[in-house]
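The values are calculated or read from the model by the stated rules, or taken from the named source; none is laboratory data. On a predicted model such as this, the values are computed, not experimentally measured, just so you know. Cβ: placed from backbone, ideal geometry, glycine included. Neighbour counts: every protein chain shown.
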Amino acid sequence: MRFFRPMATLVWKDLLLELRSRDIVVSALVFGLLVVVVFNFALQVSAERVTELAPGILWVAFAFAGTLAMSRAFVREREQGGFEGLLLAPVSRDAIFLGKVAVSFLFMLVIEAALLPVFAVLLNFTGFSLTLAAAILLATLGFATVGTLFSAIAVQTRSREVMLPVLFFPIILPVLIGAVEVSGAAIGSGPESGVVTRWLPLLAVFDAVFLVICPWIFSIIVEE
Amino acid sequence: MASAQGNPPISSGQRPRTGFPGLSGILLVVTAVLMLVNLYLIFMVAPTDSVLGHVQRIFYFHVPIAIVSFVAFFVVFVASIGYLVTRKSRWDSVAHAAAEMGVVFVSLALLTGIVWARPVWGVWWTWEPRLTTTLILWLIYVAYLMLRSYVPNKSQGALYAAGLGIIGFVDVPIVYYSVQWWRSIHPSAVVGPLADSGALEPVMQGVLFFSLGVFLLLFLYLLLERMHLRNVEDRLSSLRYASRMRR
């Protein structure tokens, strides 16, 4: 209880802020749409190649929109000096970190849930399958975990908008590969059932590794 | 030290208390001599490869340099843990210097690899697991150096860098295996590395190990020299600060 209460409070605070301002989710949504439109022209997505290209485009859009949302979440804390207040509160660092992860996870899920139907129409795929949902859940959890750690770091630097993607993408690459593979199989670029049974557990393993390391590093390096 | 008069007493006349200049002087001479021997071995002694010809000699640079860069990143990893546990700035300066050297060596490994791949494989680059992982490694540690220079507060920067030094190193095997699994589903048209398939002639193997030893010495020398330079930089900035305070 001493762990989950503060976490829930933190999540509720950020949700409330977002419900009243709506700037993070809306800006990330528009940005995600833009990515798809740009890719459509850059890659000349035709009807034959769409199943081949769609998973990649989908995840690039999700990842970019996600980094945008995550960096905004910590910028807001920093502008108002809220983060110092959080650290001063008699709450374990893990609760703060996991609360922030939960918020980023929820925001990203909302963004993805809103973008997915639009993508399905624009890119012409019909894949609302359980497999795709599982891939999105697991990959988003990994994104949120690593992204929260790095956005907490990046927000303290000069040129923080650049720093988050530069730190985030090389580390998160395995999760991105797995997500693209599973989504490709789910959307139907061939009956590759081996792909799903191989990558879904792997995604879970990656998440577990990051969920162990990231809170530990966060609790050590965030001090003052 | 001749112009040291008028400075705060911390620096009056005495050398920094590090033992580096003496040790690194010896290392410099030894490394330079051995490097010349190494060049002789590579170009004169090692036999010409029957299939690949002279271009294969780049192998004696490429493989040791790549191994040294992995050693460097391992040093970053260990020193980062050391810094987080002890909070001694010495660990931090080891990690920083090793990261800089690692980026230099991994860049050289990538460049020699690209130059070598063109005549042997017919392409400059292929998304093979080892190559991809090395590229990601390069990106991670370039980000590490960027992070160090972008954090205004120095001790905070050291902490953040230590965190990245740990998570970056843990991530490397994950990247390697995930790219490998990804590749095994989309087989590439290009064959994997030819030269290190194990069937190496004894002379070639000897030259390779010699070269590896020399490059490790070079790395050690550069590491110590860089750490020394960093110490001097720190002292200089604290002297500047002290003299500004006095005014």
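Quick check on my filter: what residues within segment A:198-214 are under 18 Å from B:Phe169 (Cβ atoms) and either facing chain B (nearest Cβ under 8 Å) or crowded, with 21+ Cβ neighbours inside 10 Å (or both)? Scanning segment A:198-214 gives A:Phe206, A:Val209, A:Phe210, A:Ile213, A:Cys214. Looking across segment B:142-160, the residues that are at the interface with chain A (Cβ under 9 Å from one of its Cβ atoms) and either touching a strand residue (DSSP E or B) at 6+ places or on another chain (Cβ under 8 Å) or buried (at least 18 other Cβ atoms within 10 Å of the Cβ) (or both) come down to B:Ala143, B:Tyr144, B:Leu147, B:Tyr150, B:Val151, B:Gly157, B:Leu159, B:Tyr160. I need the full set of residues from segment A:30-61 which are more than 16 Å from A:Val182 (Cα to Cα), surrounded by fewer than 17 Cβ atoms within 10 Å (Cβ to Cβ) and among the small types (Gly, Ala, Ser), in order please. Residues satisfying the conditions are A:Ala42, A:Ser46, A:Ala47. Hey, any hits in segment A:140-160 for a residue that's charged (D, E, K, R) and under 19 Å from A:Phe62 (Cβ atoms)? Scanning segment A:140-160, I find no residue that is charged (D, E, K, R) and under 19 Å from A:Phe62 (Cβ atoms), so the answer is no.
Annotation note: Cβ proximity below 9 Å between a residue of segment B:22-41 that is closer than 18 Å to B:Tyr60 by Cβ and a residue that is modelled with pLDDT under 90 and in a helix (DSSP H, G or I) (sequence gap 6+ or interchain) occurs for B:Asn38/B:Tyr60; B:Asn38/B:Val207; B:Leu41/B:Tyr60; B:Leu41/B:Gly206; B:Leu41/B:Val207.
Rundown of residues vs (1) within 27 Å of B:Tyr160 (Cβ to Cβ); (2) under 9 Å from the mean Cα position of the chain (by Cα), yes/no style:
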position: B:Arg87; (1), (2): yes, no
position: B:His96; (1), (2): yes, no
position: B:Val103; (1), (2): yes, yes
position: B:Ile114; (1), (2): no, no
position: B:Ala117; (1), (2): no, no
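When A:Glu112, A:Glu52, A:Glu48 are checked against the criterion of being more than 21 Å from A:Val222 (Cα to Cα) and not in a helix (DSSP H, G or I), a single residue qualifies: A:Glu48. All of B:Thr126, B:Thr133 fail the test of being within 13 Å of another protein chain (Cβ to nearest Cβ) and among the β-branched types (Val, Ile, Thr), apart from B:Thr133. Close Cβ contacts (under 8 Å, 6 or more residues apart or on different chains) running from residues in segment B:43-60 that are more than 11 Å from B:Met204 (Cβ to Cβ) to residues that are among the basic types (Lys, Arg) comprise B:Phe43/B:Arg57. From the list A:Ile136, A:Ile96, A:Ile153, the lone residue that is assigned to a helix (DSSP H, G or I), farther than 21 Å from A:Val222 by Cα and of a type in the set (Val, Ile, Thr) is A:Ile136. Where helices (runs of 4 or more DSSP H) sit wholly within segment B:79-192, those with at least 2 residues that are touching a residue at least 24 places away in the same chain (Cβ under 8 Å) and small (Gly, Ala, Ser) occupy B:89-121, B:154-185.
Could you pull out the residue among B:Ser80, B:Ser24, B:Ser11 that is at pLDDT below 90 and under 30 Å from B:Ile166 (Cβ atoms)? Walk me through it before giving the result.
Details: B:Ser80 fails: at pLDDT below 90; B:Ser11 fails: under 30 Å from B:Ile166 (Cβ atoms).
Just a single option satisfies the conditions, and that option is B:Ser24.
Which residues, counting only those in segment A:158-180, are more than 7 Å from chain B (Cβ to nearest Cβ) and either in contact (Cβ under 8 Å) with a residue 24 or more places away in the chain or assigned to a loop (DSSP other than H, G, I, E, B) (or both)? Within segment A:158-180, A:Arg160, A:Glu161, A:Leu164, A:Pro165, A:Phe168, A:Phe169, A:Ile172, A:Val175, A:Leu176, A:Ala179, A:Val180 meet the criteria. Report whether or not B:Ala72 is at pLDDT 90 or above and under 20 Å from B:Leu212 (Cβ atoms). Against the criterion (at pLDDT 90 or above and under 20 Å from B:Leu212 (Cβ atoms)), B:Ala72 qualifies.
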